[in-house]
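See structure below.
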Amino acid sequence: MARARQKDLLFDAFIYTILFCIMLVMLYPFFYVLIISFNKGTDSMLGDIYLWSRSFTLENYAMFLSDPKWYKALVVTVMRTVIGTFLGVTFTCLVAYGLSHRDLLFGKVYFSVVIFAMYFSGGLIPYYVVLRSIGLLNTFGVYVVPSMLSTFFLLIAVSFFREIPAELKESAVIDGASEFKIFWSIVLPVSLPLLATMSLFLGVGQWNSWLDSAYFVQEDWLRTLTFRMIEIINKSNIPREALGAGATTSGVTNYSLQVTSMVVSVAPIVCVYPFLQKYFVQGIMLGSVKG
Amino acid sequence: MNLKVAIAKTNTTKQWPQYWKRFKKQWPLHLFVGMGMLFLLIFAYTPMFGIIMAFKEYRIVTGIRGIFTSEWVGLQYFREFVTDYRFGEIVRNTLVLSLLKVLFTFPAPILLAILLNEVRKMAFKRFVQTVSYLPHFISWVVVAGLSFSFFSADVGIVNKLLMKIGLILEPLDLTTNPDYFWGLAVGTAMWKEMGWWSIIFMAAIAGINPALYEAAQIDGAGRLARIRHITLPGIKGTVVVVLILTVGSILGGGLVGSNFEQAYLLGNSINNSTSEIVQTYAFKVGLADGRFAYAAAIDLIQSVISVTLIFLSNYVAKRTSGSSLF
């Protein structure tokens, strides 16, 4: 018995050590860029910063916020995240509400159309041609319109709406409410976990997206934060040029600006997602079981 | 036979007004769903038909109509790709990157889930979980920036640390040397998605009957024995399904993030000989050089291989283990 207990302790020690290392590997990169972003750019180049900023400064952030290039990119990114998430959640739920009626005529046909579209795609080039033909290239719309319907969340929302008790809707039907009224003021308010999950995923998707900014947009004012980050990473990722390149009199370097933009891009996600985690784990399970 | 036809006829003639009545009653719902269908028609189905431009002399100025009106050129673009001087290298890079990523990143979430399951301190368990999902929500752009901060020869903290403790004299070009690209891509993919995919295995483990563990414990099974004889068999079905999904999407990068984003963001002009893959090449010749039909042909080859792979792996899984997607 004592030997078994000892073996158990060893086993525990082994597991906790590995998990602790994994935790460190996951967290430290974020912490590292955070302290570098608060460190004077020219000083960061000397290295040897591991646990805390050496010469603390806010000038990286001041530079970031005063540069119109970064400032505008931030505005566009926030706009597309807010508008894109709102449109995506509302439209996907509206279509899902229609599909969730079990006695819907042609229901099977509608579902086949959705599922086929989920598994097959035409690829990037024909997609580009379509966007070009309907005039979405080089507009703000290219960020928010094509992502209005998410087939994955459509199926999740359908199964979610089917669980809502029918009695809830019946009273509204008797009162003569229209289908849209029922959807808006009865179905949506009781679907908060679903809305939270969808908002998080669509929002993060919008916030992080760079492919559309790189592919479908040439206008400078439409560039997003992630696109600007690629530009600056490419600039400093040519060896032996990062040091000093772009260094101004203020001590802000290309690299410190890059790190600052990374912190700005990660911060909202880190702040929001722990609160929504409970919901999205449920949501993903629902999707993997029924989808 | 005649009777059947007659019955069918009367049924349909009876049903049509009923259908119409139902439709009239449901019309707002059909309006909602119809908008969704229209959306899919434009953004999902039109591009699917657009694939035929891979077989045509397509020029972008002709728009969508050009897809149908341009002249057929048959397999010309496919032949051109196969005889391209970079063909061998690009195909090799695509396959090696995909295989390495599956090989190393498929077992990682399973191991993590099993380890987490053995933790009895709930607060610690939950914290590790929360932290391990976090990178999934970060864009590949930031991950590329992070890997630059850690591994580059100039500012990379790893190089500076190694030099300080005297393991190396010269900084290693981890982010630019072609020899290191595959390792870099596999490592960052694992870092980003390991925690995320462990969710599904955690759920599978949670579904195992606790009585089995109790019974095994009474029979004297240690913790390793319980993992081997109860946990692993208990999640076998889930493992197979996830494996099918992985193999089916192997060319896109498996389940651990897109090959394209990695190769595009971590690749540069210096490590190009190992970082150029089919998708980045199609993107460059397609959108950057404006050779749309050629790029569509390259894209098509890849989709056909992917769809074949998913059916093949599904078939093999069904025959060998009984679990399958469809």
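Some notes on this structure:
- Scope the stretch B:18-51; condition buried (at least 17 other Cβ atoms within 10 Å of the Cβ), among the aliphatic types (A, V, I, L, M) and out of contact with any Gly (no Cβ under 8 Å at 6 or more places or on another chain); matching residues: B:MET37, B:LEU40
- Selection within the stretch A:69-109: residues that are farther than 21 Å from B:MET35 by Cβ and among the charged types (D, E, K, R). The member of this set that is surrounded by the fewest Cβ atoms within 10 Å (Cβ to Cβ) is A:LYS69.
- Taking the stretch B:132-143 as the range and being under 18 Å from A:VAL263 (Cβ atoms), in a helix (DSSP H, G or I) and open to solvent by less than 10 Å² (accessible area, probe 1.4 Å) as the test, the residues that pass are B:PRO135, B:PHE137, B:VAL141, B:VAL142, B:VAL143.
- Taking helices (runs of 4 or more DSSP H) as the structural unit, those lying wholly within the stretch B:182-251 and holding at least 2 residues that are farther than 28 Å from B:PHE311 by Cα, among the hydrophobic types (A, V, I, L, M, F, W, C) and more than 21 Å from the chain's Cα centre (by Cα) correspond to B:210-218, B:223-226.
- Of the residues making up the stretch A:208-227, just one is facing chain B (nearest Cβ under 9 Å) and of a type in the set (Val, Ile, Thr), namely A:THR226.
- Neighbours by Cβ (under 6 Å, 6+ apart or cross-chain): first from the stretch B:168-196, under 10 Å from B:HIS136 (Cα atoms); second part of a loop (DSSP other than H, G, I, E, B): B:ALA189/B:VAL256; B:ALA189/B:GLY257; B:LYS192/B:GLY257; B:GLU193/B:VAL256; B:GLU193/B:GLY257
- Pairs are defined by a Cβ separation below 8 Å, a sequence spacing of at least 6 or placement on different chains, a first member in the stretch B:78-102 that is in a helix (DSSP H, G or I), and a second member that is modelled with pLDDT under 90 and among the small types (Gly, Ala, Ser); the pairs so defined are B:PHE78/B:ALA54; B:LEU97/B:GLY253; B:SER98/B:GLY253; B:SER98/B:GLY254; B:LYS101/B:GLY253; B:LYS101/B:GLY254; B:VAL102/B:GLY254.
- Close contacts from the stretch A:75-90, counting a first residue that is hydrophobic (A, V, I, L, M, F, W, C) and a second that is in a helix (DSSP H, G or I), with Cβ to Cβ under 7 Å and a gap of 6+ residues or different chains, come to A:VAL76/A:LEU222; A:ILE83/A:VAL144; A:LEU87/A:VAL144; A:VAL89/A:LEU195; A:VAL89/A:MET198; A:VAL89/A:SER199; A:VAL89/A:LEU202.
- Identity of the residue in the stretch A:110-155, open to solvent by less than 40 Å² (accessible area, probe 1.4 Å), facing chain B (nearest Cβ under 7 Å) and among the hydroxyl-bearing types (Ser, Thr, Tyr), that ends up farthest from B:ILE51 (Cα to Cα): A:TYR110
- Each residue in the stretch A:28-85 was checked for being among the acidic types (Asp, Glu) and more than 14 Å from chain B (Cβ to nearest Cβ), and 2 of them qualify.
- Single residue of A:GLY88, A:GLY98 found to be in a helix (DSSP H, G or I) and in contact with a Ser or Thr (Cβ under 8 Å, 6 or more places away or on another chain): A:GLY88
- Of all positions in the stretch B:266-273, at least one carries a residue that is within 15 Å of B:ALA189 (Cβ to Cβ) and either in contact with a helix residue (DSSP H, G or I) (Cβ under 9 Å, 6 or more places away or on another chain) or not β-branched (Val, Ile, Thr) (or both).
- Any chance B:PRO210 is out of contact with any helix residue (DSSP H, G or I) (no Cβ under 9 Å at 6 or more places or on another chain), of a type outside the set (Asp, Glu) and either within 11 Å of chain A (Cβ to nearest Cβ) or surrounded by fewer than 18 Cβ atoms within 10 Å (Cβ to Cβ) (or both): yes
- Residue count for the stretch B:109-130, restricted to those that are touching a residue at least 40 places away in the same chain (Cβ under 8 Å) and open to solvent by 10 Å² or more (accessible area, probe 1.4 Å): 5
The values are calculated or read from the model by the stated rules, or taken from the named source; none is laboratory data. Only a predicted model underlies this, so the values are computations on that prediction, with no experimental measurement involved. Glycine also receives a Cβ, built like all others from the backbone with ideal geometry; neighbour counts cover every protein chain displayed. Only protein heavy atoms, including side chains, enter the accessible area calculation; ligands, DNA and RNA are left aside. Shrake-Rupley method; radii C 1.70, N 1.55, O 1.52, S 1.80 Å.
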